[in-house]
Structures are given as C-alpha cells and as structure tokens.
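Taking it in order: structure first as structure tokens, then the write-up.
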Amino acid sequence: MRRVAAIALAAAFLAAATAGAATARAPQVTALTPVARGSDYLALGDSVTFGYQEPKVVPAPDYRRASNFVGFPEQLGSALHLRVTNVSCPGETSGSLINTSVPSLACENAYRRRFPLHTRYTGSQLTYAVSFLRKHPGVRLVSLMIGANDAFRCIARTKDACASPSERQTLLTNLSRDVKQILSAVRGPAHYKGQLAIVNYYSLNYASAAVNGQSRELNQAVDSAARPFGVVFADSYGIFKQASVRFGASPCLAGLLTQLDGLVGNCGVHPTFAGQALLAQALLKAIRVSGPQPSLRLPAPPHRGGLG
C-alpha cells in the first residue's frame, strides 16, 4: 500500500499539461514592469504554494492557523518587501481552481470547510484572482503552480493507477486546457499585463531515471502550454537537483522534503522550510526586479514544529 501511495504521490507531482485544444490567442506582453519594494504579488496554486505540511510530520502541524504554513510566496515576499496575497488551497486541481464544482483533491470539499486559507474568499481561485487583479493595479507579479493533484486523482480513480496511454493523454490534455484557460483569464478579463511566472514541480528522486524522465517531459509540456501568455519559468526542478547532488541525488536526504514520523529518510512530498526557500530562489532568478539583483534574505521559520 505504501508503495502504491508513493508512486501516486510521485506521479502527482510530476503531472503537467501537454498539448491541448487551441485557445484564444494571448495578448502581446512587452516591457514588463520590474517587481519593486511595496509591489503586490498574487500567488495561485496548490498545497506547495500554500506551504502545506503532512499530518505525520513531528510535531504535527496546527491547521487551525494558516500563518503556521510558510510557502515560497511568503519567503519571496518577505525578502523583497512585497504585499503577498496567497490564494492557494491544499488539494486544488487545475479544474477546481477554475470552477469549484469540478472535483478537487479535498480542497473545496474538505480543507476549505475545516481550516482557513491564507486569504479568505468565496468561489474559485480564478474568480477571486480576476477580481483582485482588476482592483489592484499595483500587482507586479502573479505566480501559478498547479497540476499535481490532477494526476493524483487520476491515479486514485483508475484500476491501473493512470498508467495507460489513453488515461495519461486525457489527463494531460485536460491539464493543458485548464492551464490555458487560467492564463487566458489572467491576461484577458483581469487585464493583467505584468510579470507572470510558472513555478515548475521538482523531482522527488533524482536518482530515478523514470521519475526524472517524466518530470522533465511534463514540466516542459506545462511550459509549452503557458509560453504564449508571456510567462517566465521558475526552474524548481533544476535548483532541487543541484541541492541534492551531495546527498545521493535525494531531495529527501538533502532535507528539502518533509520528514514523516520523525524518521530520517521517510519523507513526504511537500517541501520543508529549506525546500520552500529554494523555490523562492528559483522564482527570484526568473523574474525582473528593480535595481541590482537582491540576495534572498529569508524570514525565520514559524515557531512551530512540522516543517520537516
């Protein structure tokens, strides 16, 4: 059972969109305004963007306070003195991010009913994002990290763990369609012309050729779907790989993934505080900032356990 769960979670994190049906042509975006001190930053995504930690970390996280969870948006925001609005939700799928009636992996029907998010809102992430962007012309950065939970749902709902080519293609086609719809809304109805970043997923095990091959292929597919919308790409895959070299190519042993049950080498799939710092660094490298490139000075971890 544990092996199946590990495969499911690994595949979930490697999921991303491939080619899909054509959508409306994205507007031209040129001369992007650099991110400056005091700018607004809107973060969209799933549990990684949220800063979520598994219940089995020691001590267990307190989900009753969203401030206990520090994701890469908060770390980057603290370093660059940005006003961060993080609307991510643990368990969000690409479809449920658009429409709450589309199944998620326990975001709308579980987490949001029981625990607070970083930002309180009703409706979908995308609906809120469009409204927020229209009302806040000071937004200079929007990031999106989505797709993992789409694969997890496919794995959980198919007899072969979403291994058949047809199931996989359906998953990827739907993800591609959703990514394009999300970015079309950000660039279109929201009238957002600023910097838009896609944050790629990292690999859970760089020592596995199979996992890495899937990760590279799928991240490239997400980037391809997003590229027409004038985006930049945060290379989470590359920065995690570099940090894992001295630890047998294992992000787990490198301390980048949550440690479960207090056991060394027994890791979850979510980043530790250190792992989130690498995601923030990858995003910082991808965006334009005003003045010289700053060093990333990270805030202290929150005073609670469960950060791996």
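Within region 49-68, which residues are assigned to a loop (DSSP other than H, G, I, E, B), at pLDDT 95 or above and small (Gly, Ala, Ser)?
Of everything in region 49-68, just one residue is assigned to a loop (DSSP other than H, G, I, E, B), at pLDDT 95 or above and small (Gly, Ala, Ser), namely Gly51.
Residues of region 157-172 being assigned to a loop (DSSP other than H, G, I, E, B) and of a type in the set (D, E, K, R), which ones?
Passing the criteria: Lys159, Asp160.
Would you pick out the residues in region 132-153 that are open to solvent by 30 Å² or more (accessible area, probe 1.4 Å) and under 19 Å from the mean Cα position of the chain (by Cα)?
Arg140, Phe152, Arg153
Considering Thr127, Thr122, which residue is free of Cβ contacts under 8 Å to residues at least 12 places away in the same chain, surrounded by 14 or more Cβ atoms within 10 Å (Cβ to Cβ) and either on the phi < 0 side of the Ramachandran plot or assigned to a strand (DSSP E or B) (or both)?
None of the others qualify; the one that does is Thr127.
Among the residues of region 98-115, is any among the aromatic types (Phe, Trp, Tyr), open to solvent by less than 10 Å² (accessible area, probe 1.4 Å) and touching a residue at least 24 places away in the same chain (Cβ under 8 Å)?
There is no residue in region 98-115 that is among the aromatic types (Phe, Trp, Tyr), open to solvent by less than 10 Å² (accessible area, probe 1.4 Å) and touching a residue at least 24 places away in the same chain (Cβ under 8 Å).
Based on what the data block shows, is Val199 at pLDDT below 95, open to solvent by less than 30 Å² (accessible area, probe 1.4 Å) and aliphatic (A, V, I, L, M)?
So Val199 does not fit the description; no.
Taking Gly306, is it open to solvent by less than 30 Å² (accessible area, probe 1.4 Å), in contact with a strand residue (DSSP E or B) (Cβ under 9 Å, 6 or more places away or on another chain), within 21 Å of Pro59 (Cβ to Cβ) and at pLDDT below 95? Steps first, answer last, please.
Values: open to solvent by less than 30 Å² (accessible area, probe 1.4 Å): yes; in contact with a strand residue (DSSP E or B) (Cβ under 9 Å, 6 or more places away or on another chain): yes; within 21 Å of Pro59 (Cβ to Cβ): yes; at pLDDT below 95: yes.
Answer is yes for this residue.
Examine region 159-166 for a residue that is within 18 Å of the chain's Cα centre (by Cα) and of a type in the set (D, E, K, R), and state whether such a residue exists.
No, every residue in region 159-166 fails to be within 18 Å of the chain's Cα centre (by Cα) and of a type in the set (D, E, K, R).
With (1) modelled with pLDDT of 90 or more; (2) within 16 Å of Gln125 (Cβ to Cβ) as the list, and Asn149 as the residue in question, which single condition is left unmet?
Only one criterion in (1) modelled with pLDDT of 90 or more; (2) within 16 Å of Gln125 (Cβ to Cβ) is unmet by Asn149, namely (1).
Please work out which one of (1) crowded, with 23+ Cβ neighbours inside 10 Å; (2) modelled with pLDDT of 90 or more; (3) under 17 Å from Ser104 (Cα atoms) is the condition Ala156 fails and give its number.
(1) is the only condition that Ala156 fails.
Go through region 85-116 and count every residue that is at pLDDT below 95 and at positive phi.
Looking only at that region, the number is 1.
Residues Ala207, Ala274, Ala249: which one is aliphatic (A, V, I, L, M) and in a helix (DSSP H, G or I)?
Every option except Ala274 fails the conditions.
Considering Ala254, Ala207, Ala221, which residue is among the hydrophobic types (A, V, I, L, M, F, W, C) and surrounded by fewer than 20 Cβ atoms within 10 Å (Cβ to Cβ)?
Ala207
Going by what's in this entry, would Arg216 be described as free of Cβ contacts under 8 Å to residues at least 12 places away in the same chain, open to solvent by 20 Å² or more (accessible area, probe 1.4 Å), assigned to a helix (DSSP H, G or I) and under 22 Å from Ser176 (Cβ atoms)?
Here the answer is no, as Arg216 does not meet what is asked.
Test Gly147 against the stated conditions and say whether it is farther than 19 Å from Ser96 by Cβ and not charged (D, E, K, R).
For Gly147, the condition - farther than 19 Å from Ser96 by Cβ and not charged (D, E, K, R) - is not met.
The values are calculated or read from the model by the stated rules, or taken from the named source; none is laboratory data. Not measured: the values here are computed from a predicted model. Ideal geometry is used to build each Cβ from the backbone, glycine not excepted, and the neighbour counts take in all protein chains shown. For accessibility, only protein heavy atoms count, side chains too; no ligands or nucleic acids. Shrake-Rupley method; radii C 1.70, N 1.55, O 1.52, S 1.80 Å.
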